[in-house]
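Take a look at this one; I'll ask things after.
The values are calculated or read from the model by the stated rules, or taken from the named source; none is laboratory data. Bear in mind that the values here come from a model prediction, so they are computed numbers and not experimental data. Quick reminder, even Gly has a Cβ in these numbers, built from the backbone with ideal geometry, and neighbours come from all protein chains shown. Surface areas here come from the heavy atoms of the whole protein model, side chains and all, with no ligands, DNA or RNA. Shrake-Rupley method; radii C 1.70, N 1.55, O 1.52, S 1.80 Å.
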Amino acid sequence: LHRFPDLCIIAVDMGSGEVCGCVVGKIDIENTAMLAPHQSTTTTTTTTTDTHDMVQEAPQLEAQQTGYIGMLAVRDSYRRKGIGKALVRQVLKRMKARGCTSVTLETEVSNVTAQKLYQNFGFVREEFLVRYYLNNGDAYRLRLWF
């Protein structure tokens, strides 16, 4: 909340003043391996004539901003009204505007409704996380690339 207040969004019912949903996001720096223009996707090795040592070129690391959605919650009585979709749309828009190249999140394997919501935005399954939650529930890590 302190570092990314613009990525913590609350939905309020204008009639009653009741909080009906929220999304909490942040931005991380993720180092990704980027190959230099002269490298291929295969390992590059060269042999020196003097020592016959093998020298392997390592891929260069590039820091990229990655958004993270830590929580999306909508009060039961306000579900199925597009509030979750609107909150996700708004936080994704703000993350993209701040220079994020992707967004990640985790969702329980059993939460099919959330999976459909995120898939409709273009998120794809990146990883299966065994016993990720405190209730020992499994999760999927999802990622959206901008």
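Counting other Cβ atoms within 10 Å, which trypsin sites (Lys or Arg not before Pro) in the range 101-146 have at most 16 and lie in a DSSP loop? Before the final figure, lay out each step's value.
On the way: sites: Lys116, Arg125, Arg131, Arg141, Arg143; in loops: Arg131.
Answer in residue order: Arg131.
Only four residue types carry charge here, +1 at the Cβ of Lys and Arg and -1 at the Cβ of Asp and Glu. Report the dipole size of the range 70-109 about the Cα centre in Debye, rounded to the nearest 20.
340 debye
Rounded to whole Å, give me the distance from the Cα center of the range 58-108 to that of the range 115-146.
So the separation of the two Cα centres works out to 12 Å.
Also: Any idea of Leu87's accessible area? Nearest 10 Å², probe 1.4 Å.
Around 10 Å² of this residue is reachable by solvent.
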